[in-house]
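FYI, it's all coordinate maths here, none of it is from the lab. Since the model is a prediction, treat every value here as computed from it, not as a measurement. FYI the Cβ positions are ideal-geometry reconstructions off the backbone, even for glycines, and counts take in every protein chain you see.
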Amino acid sequence: MNDAGPPEREQADWHTGVGTAWRATLVWIRRLVARYRRAKVSTLAAALAYYAAFSLGPLLLLLGGWLGSALQARPELAERYRQALAEILEPVLPEGFDGLALIERSFDVVLSQLSQGTLLRVGLSLIVLMWASSGFFASLQRALEQIFEVPDTRGFLRTRAVALVLIAAVALVIAVELLGASLTNWLWSTARGVTSGLEPFGLALPQAPSWLADPGPLRLLLGVTAFAATFRYLPRGRSGWLGSILGAVVSVAGLQAMRIVLPLAFDEARFNLVYGVVASLVVLLLWLYLALMLVLVGALVAAEISNGERPARRG
């Protein structure tokens, strides 16, 4: 009996490899679904939406009001800061919610408190706002610990301390959003000025490309970076960088897709007819629930990929 020739053997090997990869993918998807069920992700997303709805007001007062009031001496910078905060807040809010108007109201409330209150009242207000706004971030830590199946969770005080650090991280992201595009354009212009003497040789930098002034790519990069760092560090070392980055890409892509698809299928007039005066709150909770579900799905992907990496690293 003759052996199969090289072409037939290569084709058989290719089919075997495809079949193995397909079976491995199905096994991985089954593990992902099993982790989803164990963690009760839909319940976690509902709880996080509840905490996010109640933490959003204090967080806006803290970031939009108090930090915005620190820029009163620089009105042009304060305006750019509020605009950057509104654009970062935009993916969290459903269609029809004016993020910039919310931030402006927070700014006005804080200015009113500063003009009327004593130093003690101002200090107590800051403490209450920081504690209230940290509730969502504390709940997010608990949710990620459940998804990543962390055996030794953080204590109450440590969880709150990490939540306060995360509020500071949000302010840092806003600062990068505010200064990043301007800094990039300045660096490009400086480099172009340095290389202008090489223009006769065709080695000078061209004019800055249009995408460099567009905040969209920077915002997407910041989103992926923020989610990757969240998935990497909050679950206490249960995630690797590969899983964290891929999970972050899944979350950011899902949020971008939701902002495009959901308004097409969403009938706000029907919500107003059914829920009446509480329609805005229902819409906000629904939007937050779906957005946080996508964030937790990214965390699931990060957890399952990292779970597959750990035996390889130990080996």
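Overview of results
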| item | result |
| --- | --- |
| Theoretical gain in end-to-end length, L172 to E149 [0.36 nm per residue, Cα-Cα removed] | 5.4 nm |
| Cα-projected label distance for T25 with Q256, points at 7 Å along beta-carbon direction, nm | 2.2 nm |
| Charge sum, other residues only, whose C-beta stays under 10 Å from T153's C-beta, Lys/Arg counted +1 and Asp/Glu -1 | +2 |
| Burial order of peptide ranges 281-290, 243-252 (average beta-carbon count within 10 Å, highest first) | 243-252, 281-290 |
| Separation in nanometres of the label points that stand 7 Å from Cα toward Cβ, at F54 and L220 | 3.7 nm |
| Spin-label zone in the range 146-161 - amide nitrogen under 17 Å from a point set 7 Å from the Cα of I127 along the C-beta vector | 157, 160-161 |
| Förster radius 51 Å - calculated FRET efficiency between F156 and E104, Cβ distance, rounded to 0.05 | 0.90 |
| Using a Förster distance of 25 Å, the FRET efficiency for V165-L281 (Cβ separation, nearest 0.05) | 0.25 |
| Residue order, fewest to most surrounding Cβ atoms within 10 angstrom, among R31, R142, R23 | R23, R31, R142 |
| FRET efficiency for T43 and S189, using Cβ-Cβ distance with R0 set to 35 Å, rounded to 0.05 | 0.10 |
| Packing-based ranking, highest mean first, of 144-154, 130-140 given that Cβ atoms within 10 Å are counted | 130-140, 144-154 |
